[in-house]
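The structure under discussion appears below in the form of C-alpha cells.
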Amino acid sequence: LARRESPAGPTTLHDIPDKLLKLILLYLTSPHWLVRAAATCKRWRRIIVDANFLSEIGSIPHSSSLVAGHYHNHTAPVDGRCLSFVPSSPALDVSSRHFSLDFLPPGGSRSWEIVDSRHTLLLLAKKKTGWRRHTLPDLVVCEPLTRRYQLIPRMEEKKYHRCIGVFLDGFNDRGDTSRWGRAIDAMSSFRVICLLFNEHIGVCDNIGTANAYVF
C-alpha cells in the first residue's frame, strides 16, 4: 500500500529563513521599530545585534530616514476637518500640530485634498463638485514642516479638459545634499505632472489622446 503523506502544517514566521528575515528587518525605517523587533524573540535579537547587520543599516536607501506619519483624506463628524495627520507610531511622540495644513490658501485644508506626496512634500488638489470633479483642478505643493506652499500655474485653456491624474515628482532622490555637499531645498526641486485627456473634435465614441503637461 502506498504511504499517505501527512498534510503540511501552517506556515509561520519561524519558517522564514534568516537571510530573508534579515532583509525585512533592514528595511524598518524607525529605530523604535528595530528595538521592538529585537525584543520580540531571541532569533530576531540575534540578527539585529549582529555586527554585519548593524553595518548594513546605513547602506539601505532611506533606511535612516524616520517616517513621522501619514496624511489621510476624510471628513471628521465633529469639526468637519477633511485632512488629518496620523503618527506612524505612538512611541515617536509626534505632535500633529507640527504637521497642520491650516496655512494653505484659501480657507486652510478644508478646500483641498491630497492627491500625491514625495519625501517631505504634498501635492493637493482643490475640491470640486459635480461634473467638474473630473476636470483639471487647481493644484498646490506644500511642505508642512516649513509651512511653505507654491501654487501651480493654471492652464486656462485646459481647465475643462478631463484630468486622468496628477503626480508629484521630486528630483532629490539621492539624499538631502547635492554633490557639492549643500543642502537641497525640496520646494525648489520638484515638478508636477498633469495627465489630461484631449478629445478629438468631430470624432464619435469619445476618442482622443492623453497628453502630459509638466510644471
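Computed values, structure above
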item	result
Cβ pairs under 7 Å, 6+ apart, first in region 138-165 and within 15 Å of Ser109 (Cα to Cα) and assigned to a loop (DSSP other than H, G, I, E, B), second of a type in the set (A, V, I, L, M, F, W, C) and modelled with pLDDT under 90	Pro144/Phe99; Pro144/Leu101; Arg147/Phe103
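Each row is one residue, and each column tells you yes or no for (1) modelled with pLDDT of 85 or more; (2) more than 22 Å from His74 (Cβ to Cβ).
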site: Thr135; (1), (2): yes, yes
site: Asp138; (1), (2): yes, no
site: Thr146; (1), (2): no, yes
site: Arg154; (1), (2): yes, yes
site: Asp185; (1), (2): no, yes
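The values are calculated or read from the model by the stated rules, or taken from the named source; none is laboratory data. In this text, all values refer to a predicted model and were calculated from it rather than measured experimentally. Don't worry about glycine lacking a Cβ; one is built from the backbone with ideal geometry, like all the others, and counts go over all protein chains shown.
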